[in-house]
Amino acid sequence: MAQRLVVVGGGRMGSALVAGLLSSGWAEPDELVVSDPDPSARRRLSEQHSGLVVTDIVPEVTDVLLAVKPDVAESTCRVLAAQGARRVLSIVAGLATARLEAALPPDCVVVRAMPNTPSLVGAGVSAISGGHSATSGDLDWAQGVLSAVGTVVRLPERYLDAVTGLSGSGPAYVFLMAEALIDAGVAVGLQRDVSRELVVGTLLGAARLLAETGAEPAVLRAEVTSPGGTTAAGLRTLEYRAVRSAFIEAVASATERSHQLGR
Ligand SMILES: NC(=O)c1ccc[n+]([C@@H]2O[C@H](COP(=O)([O-])OP(=O)(O)OC[C@H]3O[C@@H](n4cnc5c(N)ncnc54)[C@H](OP(=O)(O)O)[C@@H]3O)[C@@H](O)[C@H]2O)c1
């Protein structure tokens, strides 16, 4: 069958995208090629997906998903240029479309994406931005690829530092909250495994309620806060400890750091 996409970099994100593209039916195994210099990455991918073409060289390409680390991204683009790349979807954190375009031929389209780690379980959220020559058809294509591992929003590139600070780093904020809540459950007498089960279930359930009802978080919070009750007492402590402003400052700091790293 015809090659539809070359995935350059078969690490955590590249592998997750390959798995998503195959399980969603976006591609058959023999329509994808994965290029990675690491023999163990190639072996793992071959074992997981029968029929997938896995190689240590960058083959001749048209459409590319660039999933290498930032420090090798521009040199990899120069190799892709020599191999005929026409359209590159980059998930490389912090690397602007202008820098990728400078390492690629002038007629090569670039779309930049900022995914997050829940993509590894098909529950990611990504923002995409087109480079100077990307059309809405190119953004449709990029959205089709990333939809295999989660939801996708389209934004002008100037917002990608904010996306990095919010949803890119966001899973870590939630993991920190989960750690704290599990410890809190232990502190009030629950076994750690029981506390973990209750916390994970609460996070999943609250996220589903938000997503499935479409209700504002403040409304859902008010609905579980009886006057003078237990939740009101807990929330009073969180507000007293300035948890809300801690989140606001955390996202602002991460956004600023993303801006610094991208310079
Ligand atoms: N993980 C995340 O949550 C996340 C979120 C958003 C964006 N990203 C971005 O996604 C990209 C990949 O991240 P990752 O976590 O998947 O990294 P990773 O697990 O280290 O995967 C990168 C893979 O690319 C391979 N590679 C290196 N040079 C190559 C080349 N010239 N051609 C082909 N493959 C090459 C690496 O092989 P070696 O190990 O031999 O070098 C490695 O297997 C990064 O740019 C990161 O910024 C990641």
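Read-outs throughout are calculated quantities, based only on the coordinates presented, and are distinct from any laboratory measurement. Nothing here was measured: the structure is a model prediction, and the numbers come from that model. In this analysis, Cβ positions are derived from the backbone assuming ideal geometry, glycine residues included, and neighbour counts consider all displayed protein chains.
Side notes on the structure shown:
- Counting residues in segment 147-155 that are under 24 Å from Ser253 (Cβ atoms) and of a type outside the set (S, T, N, Q) gives one or more.
- Filtered by the rule that a residue be under 19 Å from the mean Cα position of the chain (by Cα) and surrounded by 16 or more Cβ atoms within 10 Å (Cβ to Cβ), segment 67-95 gives Ala67, Val68, Ala73, Val88, Leu89, Ser90, Ile91, Val92, Ala93, Gly94, Leu95.
- Among residues of segment 185-206 that are closer than 27 Å to Pro217 by Cα, those with a beta-carbon under 9 Å from a residue that is in a loop (DSSP other than H, G, I, E, B) at least six positions away or on a different chain give the pairs Gly185/Gln191; Ser195/Val188; Leu198/Leu190.
- Within the set Val54, Val8, the sole residue that is touching a strand residue (DSSP E or B) at 6+ places or on another chain (Cβ under 6 Å), in contact (Cβ under 8 Å) with a residue 60 or more places away in the chain and β-branched (Val, Ile, Thr) turns out to be Val8.
- Among the residues of segment 22-51, those that are buried (at least 19 other Cβ atoms within 10 Å of the Cβ) and within 15 Å of the ligand (Cβ to nearest atom) comprise Leu32, Val33, Val34, Ser35, Asp36, Ala41, Leu45.
- Here the strands (runs of 3 or more DSSP E) wholly within segment 1-62 that include at least 1 residues being under 25 Å from Asn116 (Cα atoms) and of a type in the set (S, T, N, Q) are 32-35.
- Restricting the search to helices (runs of 4 or more DSSP H) fully inside segment 178-263 and requiring at least 3 residues that are farther than 30 Å from Gly94 by Cβ gives 192-213, 217-223, 230-240.
- Any pair with Cβ under 7 angstrom, 6 or more apart, that starts in segment 234-263 at a residue that is under 27 Å from Arg99 (Cβ atoms) and ends at one that is assigned to a loop (DSSP other than H, G, I, E, B): Ala254/Ser169; Ser258/Gly94; Leu261/Gly94; Gly262/Gly94; Gly262/Ala96
- Where a residue in segment 145-162 is closer than 16 Å to Glu28 by Cα and its partner, wherever it lies, is of a type in the set (D, E, K, R) and surrounded by 13 or more Cβ atoms within 10 Å (Cβ to Cβ), with Cβ under 9 Å and at least six apart: Val145/Asp63
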